[in-house]
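Below is one structure, written out as structure tokens, with a few remarks after it.
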Amino acid sequence: MLLLAVACSQPGPTPPLTFVEFHQEGEEERPYGLEGLGLVVVSPDGRHVYTAAALDSTVVWFSRDLTTGALTFLEAVVNLEGFRDGLRGFFLWR
Amino acid sequence: MSPDGNHVYVAAGFDDAVTVFSRNKRTGALTFVETIKDGVGGVDGLEFAGSVVVSPDGSRGYVAGTDDNALAVFQRDPTTGVLTFLGALKDGKGGVDGLDVVTAVTLSPGGRNVYTAASSDHAIAVFGVSE
């Protein structure tokens, strides 16, 4: 997992946003199931974030820190032939 | 759609644009308001715009610019729905990462955080909203 926490400055107009962190599919064990991410949603109570990755045929979820917004990887449901089906060509409803 | 239901926002990838419509709440009919295009009037970060959201308080709009690897931010006029460009964060600039081919953007329920999904970076990125 790669995790960065920096304040950013950009050329041109500076938008009122601060980059907090990112979670990327990597060679390490976690997080996994993020290849080809297409969608992201936050639960109505703000406690979890869900994303879906087309290339991995996965739905991945994180817990969300209600104060900082930072995420912690929890689990990925993977489409596996003969075990769990129905995630290829997914569409994650907002 | 804006939280008050008065405006609809469309991210148009092939036009590198966001188009704004006003909405008749009774009939649901849409009326064209404006189109904001990448590279016009100083606007940046809208190449192949893939997703757009409006903050819960209706004051801002956020656009995922897929081919710009960018997250563009707009001020929103709550009465007219018109958007004013505030700036864009781009992958690989100013310490920002996780936006390579960003396809989706969403907000936390209170609007304090912005989350993006990027299909080439295979990453989810987190941003904090400042005043």
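The values are calculated or read from the model by the stated rules, or taken from the named source; none is laboratory data. Values in this document were obtained by computation on a predicted structure and should not be read as measured data. All Cβ positions, even for glycine, are placed from backbone atoms using ideal geometry, and neighbour counts span all protein chains on display.
Rundown of residues vs (1) closer than 26 Å to A:Asp65 by Cβ; (2) more than 14 Å from chain A (Cβ to nearest Cβ); (3) of a type outside the set (A, V, I, L, M); (4) surrounded by fewer than 18 Cβ atoms within 10 Å (Cβ to Cβ), yes/no style:
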{"position": "B:Ala17", "(1), (2), (3), (4)": "no, yes, no, no"}
{"position": "B:Gly28", "(1), (2), (3), (4)": "no, yes, yes, yes"}
{"position": "B:Val43", "(1), (2), (3), (4)": "no, no, no, no"}
{"position": "B:Pro56", "(1), (2), (3), (4)": "yes, no, yes, yes"}
{"position": "B:Leu99", "(1), (2), (3), (4)": "yes, no, no, no"}
{"position": "B:Thr103", "(1), (2), (3), (4)": "yes, no, yes, no"}
{"position": "B:Leu107", "(1), (2), (3), (4)": "yes, no, no, no"}
{"position": "B:Gly110", "(1), (2), (3), (4)": "yes, no, yes, yes"}
{"position": "B:Val126", "(1), (2), (3), (4)": "yes, no, no, no"}
- [ ] Considering each residue of the range A:17-43, count those that are modelled with pLDDT of 90 or more and over 12 Å from B:Gly98 (Cβ atoms), and give that number.
- [x] 5
Task: Residue count, the range A:41-74 (criterion: touching a residue at least 40 places away in the same chain (Cβ under 8 Å) and facing chain B (nearest Cβ under 7 Å)) - done: 5
Open item on the list: Of everything in the range A:32-69, what is surrounded by 21 or more Cβ atoms within 10 Å (Cβ to Cβ) and assigned to a loop (DSSP other than H, G, I, E, B)? Give them in sequence order.
Closed with: A:Gly33, A:Leu34, A:Ser57, A:Gly69
Task: Pair list, Cβ < 7 Å and 6+ apart or interchain, from the range B:1-14 residues that are farther than 16 Å from B:Thr31 by Cβ to residues that are of a type in the set (Ser, Thr, Tyr) - done: B:Ala11/B:Ser51; B:Ala12/B:Thr19; B:Gly13/B:Thr66
Task: Search result, residues across the range B:13-35 that are over 11 Å from the mean Cα position of the chain (by Cα) and among the aliphatic types (A, V, I, L, M) - done: B:Val20, B:Ala29, B:Leu30, B:Val33
Task: Of the criteria (1) at the interface with chain A (Cβ under 7 Å from one of its Cβ atoms); (2) buried (at least 18 other Cβ atoms within 10 Å of the Cβ); (3) under 15 Å from the mean Cα position of the chain (by Cα), which one B:Leu86 fails - done: (2)
TODO: Filter the range A:1-16 down to residues that are more than 7 Å from every other protein chain (Cβ to nearest Cβ) and either touching an Asp or Glu at 6+ places or on another chain (Cβ under 8 Å) or within 14 Å of B:Ala70 (Cα to Cα) (or both) and give me whichever is modelled with the highest pLDDT.
DONE: A:Pro11
TODO: Check B:Ser120 against each of (1) touching an Asp or Glu at 6+ places or on another chain (Cβ under 6 Å); (2) crowded, with 24+ Cβ neighbours inside 10 Å; (3) more than 7 Å from chain A (Cβ to nearest Cβ) and name the one condition it does not meet.
DONE: (2)
Open item on the list: I need the full set of residues from the range B:22-31 which are without any contact (Cβ under 8 Å) to a residue 24 or more places away in the chain and touching a strand residue (DSSP E or B) at 6+ places or on another chain (Cβ under 6 Å), in order please.
Closed with: B:Arg23, B:Leu30, B:Thr31
Task: Within the range B:100-124, tally of residues that are within 26 Å of B:Val20 (Cα to Cα) and in contact with a Phe, Trp or Tyr (Cβ under 8 Å, 6 or more places away or on another chain) - done: 8
